[in-house]
Ligand code: IPD
């Protein structure tokens, strides 16, 4: 039977490539930085331009589809996941890295149908690594199959997370407590690459064994969720319960054992939901 979403996935890969080229070219010039919710929540004209490029190209081909996209939501668009075929887009995941020329910058696109991830594409455009995954068909990096490490012992894991000060003391204290709790398990190490989508692909390809994050958004996770699960990884909520794309929390791991044990070491704190308003 032909796959009804294959054409969408092929288009997604093409548009991610084009977006990556625009981002690489923008890195050659001056980057004007603007701020969104705080002094450390950065956005550039390139984020906005790339998002317009991606959405207009998809709309021209698939006019009935829905969108949840980072810069549109920042400008007031709703962030509600429905049963419609929906493109969930982060035009530049790792904007702070982009601003500084730190080489982990990705275009992240996930596609859902009836609220389930159908496929995901994460293009790490400075490294020129195109991660792709389509439900039931495996995960790939530049066309070659990838899989998770399969590590089951948390104390042998390289763990990823992100650290940022959100102007909220409780958030900072909980984040630091979690770092301390995970470091003292002990694990082999903690790394913070700066692009959630790339973090998920690093776990998917076995370069890291686990990733946890509170305060992330659906557009940071959607593309990588497909890649991680198709690579044999496990995604759960930070509590260890079922993963919810709109919940702003996740643990992505090489095995259920690692996900479960990591969940038992992480203190929960309130981050709200993407679909709260
Ligand atoms: C950010 C990155 C970063 C994470 C932030 C995200 P953006 O995405 O994924 O790793 O720490 O929480 O907002 O804003 O660069 O698209």
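Taken together, the values in this text are just the output of simple stated rules run on the coordinates, not laboratory data. Computed from a prediction, not measured in an experiment: that's the story for all the values here. Because the Cβ atoms are built from the backbone with ideal geometry, glycine has one as well, and the counts that use them run over all protein chains shown.
Taken as a whole, the structure leaves residue 220 outside the set of residues that are away from the ligand (no atom under 14 Å from the Cβ) and either farther than 16 Å from residue 120 by Cβ or within 19 Å of the chain's Cα centre (by Cα) (or both). Annotation note: of 273, 249, the sole residue that is surrounded by fewer than 20 Cβ atoms within 10 Å (Cβ to Cβ) and closer than 23 Å to residue 78 by Cα is 273. Of the residues in segment 167-190, not one is within 11 Å of the ligand (Cβ to nearest atom) and part of a loop (DSSP other than H, G, I, E, B). Taking segment 249-276 as the range and being touching a strand residue (DSSP E or B) at 6+ places or on another chain (Cβ under 7 Å) and part of a loop (DSSP other than H, G, I, E, B) as the test, the residues that pass are 254, 255, 266, 269, 271.
On the stretch given as segment 75-96, residues that are out of contact with any helix residue (DSSP H, G or I) (no Cβ under 9 Å at 6 or more places or on another chain) and under 20 Å from residue 194 (Cβ atoms) total 1. Restricting 148, 163 to those that are in a loop (DSSP other than H, G, I, E, B), without any contact (Cβ under 8 Å) to a residue 60 or more places away in the chain and in contact with a helix residue (DSSP H, G or I) (Cβ under 9 Å, 6 or more places away or on another chain) reduces the list to 163.
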